[in-house]
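The values are calculated or read from the model by the stated rules, or taken from the named source; none is laboratory data. Model, not experiment: these values are computed from the prediction. Note: ideal-geometry Cβ built from the backbone for every residue, glycine included; neighbour counts use all protein chains shown.
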């Protein structure tokens, strides 16, 4: 039944998928994968507040693949941010970025949440560091040492 609901979501039929997943989540409250898929379909439908408890349940459970755990952390953190729960977003996305240090998506959403909490320095440091470590642009690569230095302190002047 889970695979059928996922296929419905992927086929552009999220309302039908949601109905099946909500019923399945009620039957299997300890199934982390079902909870994750249920959260995801709620997010797809713009039902962020309804997605939160499912994301939280998925992350409390066991059995998520690394990709699904990463997706649940990003989904929950992003959803917290959309709902104005900025500190929870920073905590969740920060934990995700620590657990999955190579995930640029988590770091990008973390930077947005940091910005929302007024931590603009941390947000810029996160984004600039991500930029210089992932960009293939030769112009950026040429300035990598300077950008890395400025990422630490954008307010620095000539010393």
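For every residue, the table says whether it meets (1) surrounded by fewer than 16 Cβ atoms within 10 Å (Cβ to Cβ); (2) at pLDDT 95 or above; (3) touching a helix residue (DSSP H, G or I) at 6+ places or on another chain (Cβ under 9 Å).
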{"site": "90", "(1), (2), (3)": "no, yes, yes"}
{"site": "97", "(1), (2), (3)": "no, yes, yes"}
{"site": "114", "(1), (2), (3)": "no, yes, yes"}
{"site": "130", "(1), (2), (3)": "no, yes, yes"}
{"site": "135", "(1), (2), (3)": "yes, no, yes"}
{"site": "144", "(1), (2), (3)": "yes, no, yes"}
{"site": "147", "(1), (2), (3)": "no, no, yes"}
{"site": "151", "(1), (2), (3)": "no, no, yes"}
In this structure, does residue 58 turn out to be over 13 Å from the mean Cα position of the chain (by Cα), modelled with pLDDT of 95 or more and within 23 Å of residue 13 (Cα to Cα)? yes
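Taking residue 108, is it in a helix (DSSP H, G or I), within 22 Å of residue 131 (Cβ to Cβ) and under 10 Å from the mean Cα position of the chain (by Cα)?
Criteria met by residue 108.
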